[in-house]
Structures are given as C-alpha cells and as structure tokens.
Amino acid sequence: MTFANIGSHGGDGLDEYAGDVWFGKLDARAKLVGIFTFVVISAVLTNMELVLISLTVALALLVASRLPLTHIAKMYMAAVPFILFASVSVFLFSGWERGIEMWMRTSACVLPLLVLAAGTETFDLFAGLRRLRVPAVITTLLMLTQRYILLLSEELSRMTTARRARGFKGARNLTDRYGLKVLAFTAGMVLVRSFQRADDIYEGLKCKGFDKEMTPWRRSSIAINDVLLATGLAAVAAVLLTVQLGVIA
Amino acid sequence: MHIPDGLMAPVVSLIGWIEFLVVFAAILLLSGKKIKEKNLPRVAILSAGIFVAQMLNFPIGGGTTGHLVGGALFAMICGPAIAIIGMTVVLLVQGLMFGDGGITALGLNAINMAIIAPLIGWGVYSLLNGLSAKKTVPGKAVKGIIVGAAAWASVFVAAAACAGELAVSYAVSSGTFGIAATVAVPAMLGVHAIIGVGEALISAGVMLYLWSVSPGSITTIDKRAKALPGWKGVLSGTTARAVTAILIVFALTLPLYFLYASQGRDGLEKTMQDAGTAGEKPLISTPFSYGQNYFSALFAGILGFLAVALGAAGILRLARMRTTRETGP
Amino acid sequence: MKPLEIVDVGFAYEDGTVALRNLSLSIGSGEKVAVIGPNGAGKSTLLHLIAGFRTPFSGQVVIEGRKLDDSNADDLRRHVGLLFQDPDDQIFMPTVEEDVAFGPRNLGLDDIEGRVARAMKGSAVEHLAKRKPHRLSYGMKKRVAIAGILAMDPAILLLDEPTSGLDPRSRADLIRLLKGMDRTMLIATHDLEAAAEIADRAIVLNIGRLMEGTMREVVMAGDLMQDAGLELPPISKLFRVLESMGYPVDDLPASLDQAVEQLTRVMDRTGKHAHAHIHEHVHNGLEHDHEHPKATAVGHQPRDEK
C-alpha cells in the first residue's frame, strides 16, 4: 500500500501537496494539538448523533484543507480493510445502527490524521513534536529515519526496475519459492546497504557538529490562523466530550 | 495489523498506552548506554530499512496481499531492546507520514508489533538456537527453519494479542467497540497464520543472505553459552532469554484478562439483553456462551502452554548442565 | 601557522592491513594540494584520518598549530571541512538552505544568514535554496554538500574524489568552481586532469608516499605513474608523442591550459609560428630529398605575406 505512494514518480512521499495548500503553511504544533485532541475524543464517542457531528467536522476539515481528494481517498482505502471488518462484524452482531456507527466513528478518526499527514511536511511534523516536548531521542530518530527512507526507497525502486528489466514480476503466491527468494534477497540487500551507510552517515553528521539533535533553522511561529484551527478543533472536541460524558453519567 | 482509532474500547486503548509507555521507558533506561550518539544513525537506518522492506507485498491468496511486519527480523539482527525502539519508530513514521494506524490505538499497535512481535521472535529464536546448537553446528537449512519459526510465531502471537484486545473491547463495551471473539479470533489468527508464512520465508531468506554476505552486521549471534554451574547457567543461557521474553509478553496480556474477568462478562450479558430487546434483530444471534467459553479457553490454553514450555525448557537445561558436568574433563 | 602539517603518519586497520605508512605532508595557507593514487591507495583513509575518524594512528597531525588526538577530535573537526565522496552521507535536512545552515548552527556560529548566503553563493547553489536536496541531481548534491562545508568556514577543505561520478559538464563546472575558490585545499583524487587544473602541488600515494612535487614533475615521472597504476592524461600522452618526434618539450603539460601555455611559450621563444601541412614524398633508398611546396596552414596567414 505504501509502496505505491513512495515509489510513484515525481513524488517524494505524500507531502508533496503540503506546500501548495494553506493548510500546509500552518504551524505544525497547532495542527498536532488540534487534530490529536479532536481524534482522541472522537475515538470514544458512542452516541450516534455525536459520532455524526464528529464525522461531519472531519469531512469539513478535509474539504477545507483543499488537499486533492483522490489522493486522500487512496490513503483511506488502505485503512478500509480493518474498518470494514469491524463495521460488518458489529453490524452482524448488534444491528444496523451500531454497525454504521462503528464505520462513522473510525472514519471520523482516520480522516483528520490523513489530512495531517498529507498536509504537512513530515520533517516539520517531527520538529513540531520536538517543540511539544517529545524527547529528543525519539524525534531525532524520526528525522533520520525519514531521511533514509527516502534514500532507501529510491534504491529499492532501482532494484525493482532492474529486476523487472530481467523479467521478474513478483512472487505469484506463497509457494513460489523462487519469487519469494528474490523478494527476500532484495530485502536483504536493502538492509546490507543500510548497515554500510550507517557509519558513513554518522561521520557525516559529526563533521557538521551534530550533537543529538537536528533542530531546523527556520522556525515557524504561531499566527492567528494556527490559533483558530487548534482552538476550533479543540472546542468542538470539548463540546462533544461533555455531551458524551453526560450521556454516560 | 495497524488498528485505527475508534475501534477499541477506550479503557482498552488506555491500558495499551500505559503498558507501552512503561515498557518503552524501561527499555530506554535499561539500554541508555547503547543508545549513544553513535548508534542513532544505525537504529534510524535499520528502521528505515525495515520500513522499506515492509513495502514488499506478497500474495496470500484470494487476490489479497500481505506484507512483512519485520519485528522478529529486527530483533534477530540487533536484539530486542533496539528492535523495540526501532519498531516503535517505524510505527510512528507510518502513522505520521501516512496516517497508517491511529493515535489512541498507538499504544496497542506498539504493543503488538513493536513489543510482542520482536520479543516473541527473539525468544523463540534464542530457544531454538539454544536447543539445536549443542549437538552440531547448525546447517543452513536448520538455521533457516529456526528463523522462520521465530518469525511465524512473532506474527501469530501478535495477531493473537490483537484478537484478544478486540475481543475484550467488545466484551467490555457491550458490543459498541471491538469485535466479538467468535469472529475476531478465527479471522485474525487465520489470516495471520498465512501472512506468518510469508514473514517466515522472507525473514529466513534475509537472515541467510545476511549470514553469507555480511555476518558482522548481526549483533545477536548466539554465543555458545558458557557453561556456568547451576542456576547462573540457567539464567544466562538462551533458554533464559526465551523465558524472559515470554514472561514479558504474558505480563502484558494480564491486565486485559483481568479487565475482561471483572467487566467483560457483564458487558457480554448486556449485549445479549440489548440484542434481545432491540427493535432490529441482529442477523446473527450469537451463541454468546460459546464466545465466552472460547475466550476463556484461549487464555487457559495460553497459560497452560506457557507453563509447560517454561517447565520443559528449564528441565531440559538443568539436565544438560548435569550431563556436561558429569562428562566433563 | 600552517593549516595542516602531517608528520610521519601511519595507520592500520583492526585486521592488520596497513592503509598508510610514513606519510608526511605540509600545506600552507591558500595552497591547493592533490593526493593522487589508485583505488585503495589510502587517499580516502588519509582524509578521514585528518578529520579525526581513524584512531589510533602513529605520527602527528597538526591542524592550525594544534595536535590532533582523541580528546580534541570533535573540536578540531570544525576547522577541517571534509567533503565525502557520496554527498548523501552529509546531507540531512529537508531543504538546501536548512542543510547549509545545519553545520553552523550545530557549531553555534554567528551570523547564520550571512554564512548561508555566502556559502550558497560560493558553491553556486543560491537558486536551489528552498529545494529538496534528495530530488537534485548528483552534481547539484555535491555542490550542496560543498556549500554545507563552506558555511562552517573551515581552515582547510578536504575533498574526497570530488569529480567522481559526474557527467562531463558538471565535472567541468565543478573544476572551475574549485579552481576559482580562494581556499586551502587537499584533494584526494585519481582524476589527474582535474588535479592538474586545480592543484599546484601533488603527492603520489600508494600507502606510502611515492613522490611529491608540482603537477608537472609528477606527470613527467612516467614509470612511477605506471607503477602506481595511474594513467597519464591524454594531453600529456600527446605531448610525449610529439616529444619523441622532435618537438621541443620542456615539461609535459598535464592539462589543456598548461598545453596551450607551453605552445605559446615555444612559439614566443623561437620567434616562429606554427605551420601545418601535408605533403607527398617518395623514399629512395636510404636518403631522401623532398621539397616542400610553399603551402600555408589552414586558416593561418604568414606574417610576412601581408
């Protein structure tokens, strides 16, 4: 699923659209706080009307972000198996209402995360996490990992092309010993190249005085748009939560 | 098996997050020395490598494809501690870059794929290596089987844990969240038993490739356990590692079991009532008693298996210690 | 105080393979020196050793008057701008300008804006400031990596095979760039033509030092070059052939510029001008006598025929 996205020509991953839309220019911290709050609360809603409201807000966010819908749809399809599985099973056991509620709730949670992922430069997301006090070990690992995912996936697509040029079309099924062997060797080669580069990269970092953190130079500051987005989403979430708790109590 | 948000019962997700944070913090503290600055690029690039390796899809029949999880592979290459950290990084990158996997569900996803999978993979790998290494140097075929078994087990147990979480969510929330055990368990275990085969084959292939091309990159090469006398020998050996791994995994499943025991039955009963009194008849009137028993049986089975495995392994180990000492110089 | 002094340096890997032996070298401020040798000669190792990445080593490495050892390696590294052979080993940030700023920021230097601007200008990548490095061509990546090093204002640049992997145009551009830079450099390369164009001096390395001298002297030592597994640049070979045909050659030029300069010098010295003509002749036994028709070279007007 992710292979199609990374390997696609002209795209360095999914945030190629991030720069084009107004949503992409917002401060990452505001987006993180706002969207996370909204998603966490949407995940616990059990009342049909509340779930419906949360889904509507999620869709509104999607539309307002101006991100290309086909792109988001593709990402959504990747999450569909689990959502479908859960919704159908709930439907079979507990009826229509609960089944649809499950679908809506999970979708209301998935969509804002897709908007966040597609609408923000990944590096900025990680830098935003750091500014939100996530430990440096984790954020530095994230930044380095992302940098090298791009590199390795290029190598992988080169290897895949080379394989295809020699007529390899992928393993046919699990009993295709030759096909699986090729896949395993490809994975192995990717890993071996990784090891070899790791020490070189460490030296490269030390040459630039690296000391545990990769903080960016240009730092975005919070503007009115950021505050509006974060507080807007948080406010909706707070209202939904209060009603939900009231329903339980 | 990346679980999205909104699927699990809130209390289950909360337990997942707490468990994950505790284990992760413990790992960071314990291997603080290892995560020196010099290792950051190594862990990052290995995480990137596993991430990219996850992109290799293999068909599992019926037109669907599965993909590598990689937890076991990670652990076999550089040990469980680094694997736990690395797999967590992979999950975070997947979630933040692609929206793959939720954030309330991150705790549970991490437990399944970043903690249980590496631990089981490493535990089984250590155990089988320990058992086989005594006789002769294992050939390629044997090594491959060991790796494959470890990888398959890692996927299967992780899927079982996921099924358990779904089932408990269902039971505890009276059917609002989660998926009933009667569906969740067979579905998850069935699909992942097959995916596990792919994982086993690819992991074995990769490890064999690494062994032949650059064995130096693997840092968990099982050294023949130095024959220390008595208990020390038992604790420092490969069996001990396996036991530790299984114990940790078992400990992780306990809270959910207790949750189920305390609230789950009520929740299931309530679902039964709702189903009976609701205007719309559900399509399936579940034999809930079957679901309950199945679930309990599953746990009992796991407990029993663990007890037997631990006992057997420990006994084997002690027996071998005795014989080596008896036949010593 | 010299930017770099190496005295009797030796280094061997853990498995015992000797990579460098009894190496001494001194580089003055503003000098550009090439380390030439075939693959495996230890050029890369030397550069990495100077950058403090290969310990322990025997001998002394003195950077701007300070002796390199384990304790100050991290500190001295900032004075030594190591350019890796693979630019992806030292490009980390999501945009070019962020990556160029990465070094100075980590080192806590002042005037980041100014440094970044100057470095990008010095490496001719200002127009790429907001671009994503991993989408750039190999040649451009190298320039970005160079900018990243320049921004830290090192006392000496250590360039590891800077022209390898570049297409002819990019290579020419890079050579011109490096030639025009007013910086002290140590360039490890097996690209003799590039070395000849950029560097004033060279040492030939094959684990130990084989010789040291100006590029010209190095190129003249034909046998040594051959033993070291190095090929003369085409222009040198051409002049070798001309020399054997009687053309007066003072030194073998190693680059086109040097060749042109030689030709002009010879012409000035003898007060003559160049002819090119083709004629037919017949050999009669041992002696032959032929007359040249008074032909003029293509495109050349003899001075006295105006």
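Derivation of every value follows stated rules applied to the coordinates shown; laboratory data play no part. Values in this document were obtained by computation on a predicted structure and should not be read as measured data. When we count neighbours, we look across all protein chains shown, and the Cβ atoms used for this are built from the backbone with ideal geometry, even at glycine.
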Would you pull out the residues with amide H under 5 Å of C:Ala19's amide H, same chain only if 5 or more places away, H placed 1.01 Å from N?
C:Phe11, C:Ala12, C:Tyr13
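Using the Cα gyration tensor of the stretch C:1-139, with a ≥ b ≥ c the square roots of its eigenvalues, what is the shape: rounded (a/c below 1.5), prolate (a/b larger than b/c) or oblate (neither)?
Numbers: a/c = 2.11, a/b = 1.69, b/c = 1.25.
Prolate shape, in that a/c is at least 1.5 and a/b is the bigger ratio.
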Would you work out if the stretch A:121-249 is rounded, prolate or oblate? Take a ≥ b ≥ c from the square roots of the eigenvalues of the alpha-carbon gyration tensor; rounded if a/c is under 1.5, else prolate when a/b is larger than b/c, oblate otherwise.
oblate
Whole-number D in µm²/s for the stretch A:134-207 (Stokes-Einstein; Kirkwood sum over Cα pairs; 37 °C, 0.692 mPa s)
229
For a footprinting-style exposure proxy, rank C:Asp111, C:Asp257 by other Cβ within 10 Å, fewest first.
C:Asp111, C:Asp257
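Semi-axes of the equivalent ellipsoid of the stretch C:1-50: what are they in whole Å, largest first, if each equals the square root of 5 times a C-alpha gyration tensor eigenvalue?
Values: eigenvalues 96, 31, 13 Å².
Semi-axes from the Cα gyration tensor: 22, 13, 8 Å.
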Would you calculate the separation in nanometres between label points at A:Ala136 and C:Met211, each defined as 7 Å from the Cα along the Cα-to-beta-carbon direction?
5.2
Charge-dipole axis of the stretch C:185-275 as Lys and Arg at +1 and Asp and Glu at -1 on Cβ define it, positive-most pick from C:Leu238, C:Ile187, C:Val218
C:Leu238
Derived scalar couplings ³J(HN,Hα) [the stretch C:16-30; Karplus, 6.51 cos²θ - 1.76 cosθ + 1.60; whole Hz; x for Gly, Pro]:
x, 4, 7, 9, 9, 8, 6, 9, 10, 7, 9, 10, x, 4, x
Would you mind calculating the relative contact order of the stretch C:232-274 from Cα pairs under 8 angstrom and at least 6 residues apart, reporting the percent as a whole number?
35
Which one of A:Thr242, A:Met102, A:Ser157 has its Cα pushed farthest toward the positive end of the charge dipole of chain A, where Lys and Arg give +1 and Asp and Glu give -1 at the Cβ?
A:Ser157
Charge dipole magnitude, Cβ of K and R +1, D and E -1 - the stretch C:232-274, Cα centre, debye nearest 20
140
Compute the separation of the alpha-carbon centres of the stretch C:1-43 and the stretch B:169-186 and state it in Å as a whole number.
69
Between B:Val142 and A:Leu59, what is the label-to-label distance in nm when each label sits 7 Å out along the Cα-to-Cβ direction?
6.2
Which cross-chain or sequence-distant (5 or more) residues have an amide H under 5 Å from the amide H of C:Leu210, H modelled 1.01 Å from N in plane?
C:Val204, C:Leu205
Candidates per GluC sites (Glu not before Pro) in the stretch C:119-227, loop by DSSP, up to 13 other Cβ within 10 Å
none
Counting only other chains, what is the mean number of Cβ atoms within 10 angstrom of the Cβ of each residue in peptide C:83-95?
6
Just how far, in whole angstrom, is the stretch B:65-135 from the stretch C:135-188 if you go by their alpha carbon centroids?
42
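Report the rotationally averaged projected area of the stretch C:232-274 based on its alpha-carbon convex hull, in square nanometres. If you can, show how the numbers build up before the last one.
Numbers: hull surface 11.4 nm².
The number I arrive at for the stretch C:232-274 is 2.8 nm².
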In which sequence would C:Lys43, C:Lys237 go, from the one with the fewest C-beta neighbours within 10 Å to the one with the most?
C:Lys237, C:Lys43
Cα-based reach from C:Lys2 at 17 Å (exclusive), listing aspartates and glutamates while leaving out same-chain residues under 8 positions away:
C:Glu31, C:Glu64, C:Asp153, C:Asp182, C:Asp200
How large is Rg over Rh for chain C, taking Rg from the Cα atoms and Rh as the Kirkwood inverse mean of 1/r across Cα pairs?
1.09
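Shape of the stretch C:56-121 from its Cα gyration tensor (a ≥ b ≥ c, root eigenvalues): rounded if a/c is under 1.5, otherwise prolate when a/b > b/c, or oblate?
Values: a/c = 2.63, a/b = 1.77, b/c = 1.48.
In terms of gyration-tensor shape, prolate.
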Of all the Cα-Cα pairs you can form in the stretch B:1-95, what percent are over 21 Å apart?
43
Projected-area average for the stretch A:21-128 over all orientations - Cα convex hull basis, square nanometres
6.6
Past the 32 angstrom mark, what percentage of all C-alpha to C-alpha distances in chain A do you count?
37
Would you calculate the separation in nanometres between label points at B:Lys38 and C:Ala124, each defined as 7 Å from the Cα along the Cα-to-beta-carbon direction?
4.0
How high is the FRET efficiency from A:Arg158 to C:Ser26, r the C-beta distance, R0 30 Å, rounded to 0.05?
0.10
Between A:Arg177 and A:Trp96, Cβ-based FRET efficiency (R0 60 Å, step 0.05) works out to 0.80
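Compute the FRET efficiency between C:Val7 and C:Ser71 as 1/(1 + (r/R0)^6), taking r as their Cβ-Cβ distance and R0 = 22 Å, and round to the nearest 0.05.
Numbers: r = 19 Å, r/R0 = 0.87.
My answer for the efficiency is 0.70.
Please arrange B:Glu199, B:Glu19, C:Glu5 by how many other C-beta atoms lie within 10 Å of their C-beta, fewest to most.
Working: B:Glu199 30, B:Glu19 21, C:Glu5 18.
Ascending Cβ contact count within 10 Å gives the list C:Glu5, B:Glu19, B:Glu199.
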Any residue on another chain or 5+ positions along whose placed amide H is under 5 Å from the amide H of C:Ser24 is listed here as C:Asp8, C:Val9
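Once the mean 1/r over all distinct Cα pairs of the stretch C:138-219 is inverted, what Kirkwood radius in angstroms do you read off?
Details: mean 1/r = 0.0742 Å⁻¹.
The answer is 13.5 Å.
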